[in-house]
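The values are calculated or read from the model by the stated rules, or taken from the named source; none is laboratory data. None of the values given here were measured: they were computed from a predicted structure. Cβ atoms come from the backbone with ideal geometry, glycine included; neighbour counts cover every protein chain shown.
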Amino acid sequence: MILEIKQSYSKIFYYRGDFVPESVYKIIELVGSSEKSWQDAIENVIKEASKTLRDLRIAEVVQMDVKIDNNQIALYRVRVKLSFKYEGK
């Protein structure tokens, strides 16, 4: 399950220490979940996002939590900032 929760402004990034003036990236926040692990939740975010977004660059895990049912972990959830190359209009 993925839910887009926030969008932030495009930013100019540094790539391997070098300023890349012509590259602009958009950053969005997504929430992914899994019954197995946080790793699977992260992979779910990337897999689903790649279906509609091109040129994914960096995934930054911002927050991790779990849903608990009957004193056991029922669901792993991650909030991920995901960047992709901005192509403009």
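Values as computed for the structure displayed
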{"item": "Every pair of residues 6+ apart whose Cβ atoms lie under 9 Å, when the first sits in the range 48-68 and is on the phi > 0 side of the Ramachandran plot and assigned to a loop (DSSP other than H, G, I, E, B) while the second is loosely packed, with under 11 Cβ neighbours inside 10 Å and modelled with pLDDT under 95", "result": "D55/E87"}
{"item": "First in the range 20-35 and under 12 Å from V66 (Cα atoms) and of a type in the set (S, T, N, Q), second anywhere and at pLDDT 80 or above and buried (at least 18 other Cβ atoms within 10 Å of the Cβ), Cβ under 8 Å, 6 or more apart", "result": "S33/A41; S33/N44; S33/Y76; S33/V78; S34/A41; S34/N44; S34/Y76"}
